[in-house]
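Engineer: This is the structure I have questions about; it appears just below.
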Amino acid sequence: MSPKLHEFAVVLKRDGQNTPWGIRLVGGNDLDTPLIITRVQVGSPAFGEVLRGDIIAKIGEYDARDVSHADAQMLFRTAGNEISLVVHRDSKIAYTQGLSPDNSRPNSSLLSAGPDPNQPHRAPSPFLPGPGQYEHALQEPINTLPQTVFPKLNPSGGYVPPSSTFTPMPTRDHQQDVAEEQATIVNQVSS
């Protein structure tokens, strides 16, 4: 069963175009994976607004399902000082990051804090974590992020080959090289 995702809008603001947004993305339609935030830099415009593991559903007016990785990077680079996102977040993570137990409204302590005029990139969000809320998120890594599966090791420390080995199909260029090489060999033998 897939996790329940909570959808919400975020507006990131920054001081100027020389200020990075402070996120790292993976994925894109060219990679057949959703755009996922894998890192949020502390103190950046994205800090406190988005979290590691958030899935970007929309960048500005663009549906992220139709955006390649390079295009997503370009949209962030050329966004000016403000960018609107629609983000999907696992409901469990959304809850631990500031929703009340009934999941219907943000904690009142989050609403009472007004935006700091000295930090224009911090748009109000119902999902701003309270003090100590990051500890829970750090203790339980998000299971939806891609995981690297390393090969198994045998008792002597060598790699155990997988049960089914992958044999890539040669490219046309390789096939052409082989055909030309064979033709050259045949011509040398017959001469």
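Engineer: Are any residues in region 1-59 in a strand (DSSP E or B), of a type in the set (Lys, Arg) and in contact (Cβ under 8 Å) with a residue 60 or more places away in the chain, and if so, which ones?
Structural biologist: Lys13
Engineer: Considering only residues that are β-branched (Val, Ile, Thr), crowded, with 21+ Cβ neighbours inside 10 Å and touching a helix residue (DSSP H, G or I) at 6+ places or on another chain (Cβ under 9 Å), which ones fall in region 41-57?
Structural biologist: Selection gives Ile56 alone.
Engineer: Looking at Thr38, Thr33 in this structure, which one is surrounded by 13 or more Cβ atoms within 10 Å (Cβ to Cβ), hydroxyl-bearing (Ser, Thr, Tyr), within 18 Å of His88 (Cα to Cα) and touching a Leu at 6+ places or on another chain (Cβ under 9 Å)?
Structural biologist: None of the others qualify; the one that does is Thr38.
Engineer: Still on this structure: Out of (1) out of contact with any strand residue (DSSP E or B) (no Cβ under 9 Å at 6 or more places or on another chain); (2) surrounded by 14 or more Cβ atoms within 10 Å (Cβ to Cβ), what's the single condition that is false for Thr78?
Structural biologist: Among (1) out of contact with any strand residue (DSSP E or B) (no Cβ under 9 Å at 6 or more places or on another chain); (2) surrounded by 14 or more Cβ atoms within 10 Å (Cβ to Cβ), the lone unmet condition for Thr78 is (2).
Taken together, the values in this text are just the output of simple stated rules run on the coordinates, not laboratory data. Only a predicted model underlies this, so the values are computations on that prediction, with no experimental measurement involved. In this analysis, Cβ positions are derived from the backbone assuming ideal geometry, glycine residues included, and neighbour counts consider all displayed protein chains.
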